[in-house]
Amino acid sequence: MFKTHRGSVSASELTEAFGKTADLKSEELLLGGFAGKGVTLFYLDGLADPQAIAETVVKPMTDPARFPKELAPAAALELALRGTVYGIAPEKREKTRDVTEDLLSGSCAIIFEAEGAALTFPVPAQEKRAVDLPKEEKVIKGPKDGFVETLSVNSALIRKKLKTPALRFTKLRAGGISGTELYLVYIEGRAPKGLADEVQRRLSEIDGDCVLSAAAISENILESPASPFPRVLVTERPDKFALNLVEGRVGILADGLPMGFLLPAPFSQFMKTPEDDSGHWLFSSFLTLLRYFAFVISSLAPALYVAVAMYHREMIPVQLMQSMVDAKAFVPFPTALEVIGMLAAFDLLHEAGIRLPTPIGQTVSIIGGLIVGQSAVEAKVVSPVVVVVIAFSGIAGYTMPDQDMYSAIRIVRFTLTAAAALMGVYGIALVVSLWIVHLASLDSVGFPYMSPFAGNGGRHILRALLRYPMRKKREREPELGEAYKR
Amino acid sequence: MKRLFLLLPAIFLLVSCGNGAFFPPSREIEDMSLVRVLGIDLEDGNIKITGLTAGGASSESAAFSGSGATLSEAVGLLSRLPAGKNAVFSHVESVLIGEKAAGRVIPETLDFISRSNELRLGTRLFIVRGDTAAGLIEDSGGELGDLLSLLGENSPYLGVFAFTAGECSAALKRSGACLIECVKYDENVAPCGFAAIRDGKLALFLEERASEGAAIIMNRLQGGEVSLSGRTLMINGAETRFIPVEGPGGEPGAKLEVSLTARLAGTDGRTNAGNAEDELTLYVGENIRLALEAALKLGADIYDIRGSLMEARPFSAGAFSGFSMPSAEIDWSVSAKITGSFDLREGAESVAG
C-alpha cells in the first residue's frame, strides 16, 4: 500500500549542510504524542512562522487520533502527505539539497529518518512590506500599487490583474549563495512559442553566487551587456507588468526585488508610460512623440551648441551671435570644456539629489541649481547660454519614463559633445551614425532592438509612435510573431 | 562593427585632408569679431577693404581696413582687430562699393563673394554715391548695419530694395547687366536710386522716378506715399502682368498691364478722388517710361522682362528666346484705383514727385 523506496535525507545531514548556524531550529517531533519515532522538525528562525508551524503542523502531527502509536513511519509519512496534517501543499523530498532549498524559502521540514525522506510545509513568516505606491513610476490616473520584496505577494498582484488560467508561473532558482527564487511569468498562447523556454534557459545559466540586484538578472540574461541602452524593461508597477504580459512578453519576478523584468524590450517600449493608457489617445500619442523628440534634444543639444559655437557660427543669426559673444566675453574656459564641465556638474547634482535623504536632497538640488548656477554665471565661470543649453538638455532627459534610458542618454551626450568639440557637425554626424549602427545591431532576447523602426520592413511604426484608440488597439504586439526565432 | 572602428582613422583624416591638421580648426566665440558691413574702395590703384564690426555689450563697433592689389590680398592683409580678435565674415549683411571703385571691382567682388566660404550669396550690394565706402562707414557710425537693413522705411521715394550678390551674378550671366541699389550719406544713410552695371562696369544711374518705374516693372513695388498736385496718395501695392505680343517684324514683344490701388489722404477718399486716379496713372506711366528708356539706353534686359514673359507663358518659353531690349516692342497700360482714404500723419512731408 505504501511505497518502500528510501531516500537520502537525514537529520544529521541536514544539520551538517547548514553548519552550526544558530537560526536553524530542530526538535524531535512526538508523532502522535509518542517519542522515539525518529521524526524531527526543522525550520529556520525568521523565515518560517513558528505560530503557523505550531498550529498547522505540530498540533495535528502530535494528535494520537491521527497518528496512532502503532502506525509505521512510512504510513505516517503518507498520511501526512495526503492531507492529514492541516498545512496545505506539503512536498515530499528525498534529497537533502531539496530540503535545504525549501527551508530557505520559509518552509518547515519534518524528517522521517527511517524513510530517509522529509515533508516540507510552506509556513513563511509574515514580515513583509505592505503593498505601497510605486516610488519611481508615478501616475495620476491609474493603480497605485507597486511590487514588494515578497515573491508570493507579487505573483498574487499579477494574478489579481490577470484572472486567466493561461497565466503561467515557472519557479526557478538563481545564485549559488543567495538561492534567489524566481518566477518566470507568461501567458500561454500570447507569448511567442519558445520564448519562455529561451528565457528559462538563460535564467538557468546564470552563473553567479548572488542574485540580489536588478542588474544581476538583467545583465546576465542578455548575450552582450556592453551596450548602455537598456534591453530589459524593469518596472515596479504590476499593471504595467500585466499589460506587457498580455502584449506577448515574458516576465520575471525575483524574491527580494520589488520589481518585475520584461522581455523582449525594444527601444520603443522605453518611450511608453503606464499613464498613456489612462489619458485620451490623442494626448497620449502627442506625449509619446514628445518623448522621442526629448530623447533627440537631450542627446544633441549640448553637442550642437559646441559645434555651432566653435565651427559653424554662420548658422546663427547675427543678433543671437552677438549675444553669445557678449555672454562669453570674460569666461576663461574654452567652449567645449565649459559644456563638458557643466554636464558633469549637472550629473553630480542629479546623483547628489538621489543619494541624499529626501529633505536634504531637495534642498541640495535647489541650492545647486539656483544659487551655485547663478553664482557661476555672475563670476564668469560659465556663460549663461551654456547653463540654458545644459538645463534644457537635462530637463528633456528627465521626460524619459525609464531611468536606465536616461542613464544611456547621459553617456551618449558626452560622446556627442566630445565629437562636436573635435570635428563640429561632421563629428556629431559621425558619432550619431555609430550609435545608430550600434542600436541597430542590438537585440533583446533575439528580437531586434530597433523594432518596429527597423528589422521588419517598417510595419507597425505608427503603433510605436502613437497610442491607438482602445477600440482599435490590438493587445498583442504583432512584431513579436507567433514563434520565437533566433 | 570592427571594420567600422578600423575605418575611423581614415574618416578622421578625411575631415581636414590637405591642410596638415588632424582635426579641423576651431575658434572660440570670444575671439571673434563679427563683421556686419564690408566696404570696397580704390586707393592708389589698390583695392581697400573696410570692415565694420558689430557692437555689443562687451565691445564697441569698430572699423578696420586692409589694402591689396586684389580683393583676396586685401582681405588677407586686414589689420588685426583690437584685443587680438579675429574678423569673422560669415555675418556680413551688406557690401558697400565706392562710386569710383564701382567701375572696376564689381565682377571681382561678385566672384570673391561666390567663392568665399564665409560670405553669402544673400549679401546685399550697395554703391555709395558721392563718397567712398570707407567714408560712409566712418560717417554713419556703428549703427550702419541696422540702417542699411531699414533702408526701405522712411524712404523719400518708392521702390527701394536691394539686390543681393546672387541676384546680381545671375542677372549678369543672363543679360550682361544688373542693377545695384545706391546709397548716400546726408545726415543719415538714404537710398538714391539704382546703378546699372553693364559688362562689369558702371554704365548709368537710375534716378528716383526711374527707380520707381523699375520697381513696378519688376513687380517689387511695395507701396508708399506719393504727392501729386498737392494731394497725398498712399499706394498700397502694384501688380504688373506681362502679356507677350508680336512686333511688326515678328520679333517677341511685351505688353505690361499695371494695376495699382491707392488711398487718398483726407476724410472721404472716394468723394474727393477727382482726377487723382488719372494723375496717378500718368505719374506711374511716366515712371515706367523712364525706366524702359534707361534699359534701352543700356541695351540690356535689366528688368528680366524676358523671364517674366516666360513665367506668363511657361509652355511657350522657347518663343521668347529672341527677346532683346533694343528690338523688342514694349507697350504698357496703367490702371489706378482709389479705394479709400487715410489720415495724413501730422508733420509728414509730401513726397517729391
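With the alpha-carbon atoms of chain B aligned to their principal axes, the span from lowest to highest coordinate is 77, 53, 52 Å, starting with the largest. If you line up the long axis of helix B:276-298 against the longest principal axis of chain B, both from Cα atoms, how many degrees apart are they, to the nearest 10? So the helix axis and the longest Cα principal axis differ by about 50 degrees. The charge dipole of chain A, taken about the Cα centre with unit charges on the Cβ atoms of Lys, Arg (+1) and Asp, Glu (-1), comes to about 1620 debye, rounded to the nearest 20. For the protein assembly as shown, report the % of Cα-Cα distances exceeding 51 Å. In whole percent, the share of Cα-Cα pairs in the protein assembly as shown beyond 51 Å is 48.
Taking beta carbons within 10 Å but only from partner chains, what does the mean come to for residues A:432-445? Before the final figure, lay out each step's value.
On the way: counts 0, 2, 4, 0, 0, 2, 2, 0, 0, 1, 0, 0, 0, 0.
Going residue by residue through A:432-445 and averaging, the value is 1.
Hey, fewest Cβ within 10 Å first, where do B:GLU99, B:GLU138 land in order? Numbers along the way, then the final one.
Values: B:GLU99 19, B:GLU138 16.
Fewest-to-most ranking of B:GLU99, B:GLU138: B:GLU138, B:GLU99.
In the range A:277-441, Cα pairs under 8 Å separated by at least six residues give a relative contact order of 40 percent.
Cut-off is 10 Å between beta-carbons; in what order do A:VAL386, B:VAL75 appear when sorted fewest neighbours first?
Values: A:VAL386 26, B:VAL75 20.
Exposure proxy ranking, most exposed first: B:VAL75, A:VAL386.
In a simple Cβ point-charge model (Lys, Arg +1; Asp, Glu -1; nothing else charged), the protein assembly as shown has a dipole of about 3160 debye relative to its Cα centre. Ratio of Rg to Rh for the range B:29-206: 0.94 [Cα atoms; Kirkwood radius as inverse mean 1/r over pairs].
Taking square-rooted eigenvalues a ≥ b ≥ c of the alpha carbon gyration tensor, is the range B:197-276 rounded, prolate or oblate, where a/c under 1.5 means rounded and, failing that, a/b exceeding b/c means prolate?
Since a/c reaches 1.5 but b/c is at least a/b, the shape of the range B:197-276 is classed as oblate.
The stretch between A:GLU205 and A:PHE286 holds 25.0 nm of extra length on full extension. This uses 0.36 nm per residue minus the Cα-Cα distance. What the phi angles of the range A:319-325 give under the Karplus curve with 6.51, -1.76 and 1.60, with θ = phi - 60°, is a coupling list of 5, 5, 5, 5, 4, 5, 4 Hz, glycine and proline written as x. Going Cα to Cα from B:LYS2, which lysines come in below 29 Å? Please leave out same-chain ones fewer than 8 positions away. B:LYS2 reaches A:LYS485.
Averaged over the residues of peptide A:334-343, the number of Cβ atoms from other protein chains lying within 10 Å of each residue's Cβ is 1.
Ignoring aspartates and glutamates fewer than eight residues from A:LYS193 along the same chain, the ones with Cα atoms less than 12 angstrom from its Cα are A:GLU482.
Toward the positive end of the charge dipole of the protein assembly as shown, about the Cα centre and with charges on Cβ (Lys, Arg +1; Asp, Glu -1), which of B:ILE40, B:LEU292, A:ILE111 goes farthest? Towards the positive end, the residue furthest out is A:ILE111. Neighbour counts of other Cβ atoms within 10 Å put A:ILE297, A:ILE436 in the fewest-to-most order A:ILE436, A:ILE297. Contact order, relative form, for chain A: 13 percent (alpha carbon pairs under 8 Å, 6 or more residues apart, mean separation divided by residue count). In this simple spin-label approximation, B:ARG3 and A:LYS160 carry label points 7 Å from Cα along the Cα→Cβ vector, and these lie 5.6 nm apart. Projecting the Cα atoms of A:LEU172, A:ALA216, A:VAL185 onto the charge dipole of the range A:151-265, computed from C-beta unit charges around the Cα centre, puts A:VAL185 farthest toward the positive end. Helix B:2-15 and the longest principal axis of the C-alpha atoms of chain B enclose an angle of approximately 70°. Taking the dipole about the Cα centre of the protein assembly as shown, with the C-beta of Lys and Arg at +1 and of Asp and Glu at -1, give me whichever of B:ALA170, B:VAL160, B:LEU77 is farthest to the positive side. Comparing the listed Cα positions along the dipole, B:ALA170 ranks first.
Using just the helices of the protein assembly as shown, give the 222 nm mean residue ellipticity in deg cm²/dmol: DSSP H runs with n ≥ 4 each add -39,500 (n - 2.57), and the total is spread over all residues, rounded to 500.
Numbers: 25 runs with 300 residues, N = 839.
Only helices count here, giving -11000 deg cm²/dmol.
With q set to 0.09, 0.12, 0.14 Å⁻¹, the log10 of I(q)/I(0) for the range B:210-353, from the Debye formula over equal scatterers at the Cα positions, is -0.32, -0.53, -0.68. Across every pair of non-identical alpha carbons in chain A, the mean reciprocal distance, once inverted, gives a Kirkwood radius of 26.4 Å. The label-point distance for B:ASN86 and B:GLU293, in a model that sets each label 7 Å from Cα toward Cβ, rounds to 5.4 nm.
Within the protein assembly as shown, DSSP assigns beta bridges of which about 75% are antiparallel (rounded to the nearest 5).
For the range A:277-441, the square roots of the Cα gyration tensor eigenvalues, ordered a ≥ b ≥ c, give a/c of at least 1.5 with a/b no greater than b/c, which places it in the oblate category.
A straight Cα-to-Cα reach below 22 Å connects A:LYS20 with the lysines A:LYS95, residues fewer than 8 places away in its own chain not being considered.
I need the fraction of alpha carbon pairs in the range B:104-178 separated by more than 21 Å, rounded to a whole percent.
Details: 1013 of 2775 pairs.
Value for the range B:104-178 (Cα pairs over 21 Å): 37 percent.
Using θ = phi - 60° in the Karplus curve 6.51 cos²θ - 1.76 cosθ + 1.60, the 3J(HN,Hα) couplings for the range A:385-397 round to 5, 5, 4, 5, 4, 5, 5, 4, 5, x, 5, 4, x Hz; x is entered for Gly and Pro.
So for chain B: antiparallel DSSP bridges make up what percent, rounded to the nearest 5?
Details: 46 of 73 bridges.
DSSP beta bridges in chain B are roughly 65 percent antiparallel.
Taking the Cα centre of the range A:277-441 as the origin, how large is its charge dipole in debye, to the nearest 20, when only Lys and Arg (+1) and Asp and Glu (-1) carry charge on their Cβ atoms? Don't jump to the answer; show the numbers that get you there.
Details: 7 positive and 9 negative charges, 34 e Å.
Computed about the Cα centre, the dipole is about 160 debye.
Can you pick out the pairs among B:LYS48/B:LYS184; A:LYS59/A:LYS160; A:LYS138/A:LYS163; A:LYS25/A:LYS59; A:LYS144/A:LYS472; B:LYS255/B:LYS337 whose Cα atoms lie more than 23 Å from each other? Flagged as over cut-off: A:LYS59/A:LYS160; A:LYS138/A:LYS163; A:LYS144/A:LYS472. Convex hull volume of the Cα atoms of the range A:195-280, normalised per residue: 102 Å³.
Remark: spin-label model distance A:ALA65-A:GLU223 equals 6.4 nm, labels positioned 7 Å along the Cα→Cβ axis.
Any idea what the relative contact order of chain B is, in percent, if you count C-alpha pairs under 8 Å spaced at least 6 apart?
On the way: 722 pairs, mean separation 44.7, N = 353.
Relative contact order for chain B comes out at 13 percent.
Near B:ILE330, the amide H atoms lying under 5 Å from its own belong to B:ALA254; only residues 5 or more places off or on other chains count, and H is placed 1.01 Å from N.
For the range B:115-234, a/c is not less than 1.5, where a ≥ b ≥ c are the root eigenvalues of the C-alpha gyration tensor, and a/b does not top b/c. That puts it in the oblate class. The amide H of A:PHE34, built 1.01 Å from its N in the peptide plane, has no neighbour under 5 Å, considering only residues 5 or more places off or on other chains.
No lab work stands behind these numbers, since they all come straight from the coordinates. Model, not experiment: these values are computed from the prediction. Glycine gets a Cβ as well: all are built from the backbone with ideal geometry, and neighbour counts include every protein chain shown.
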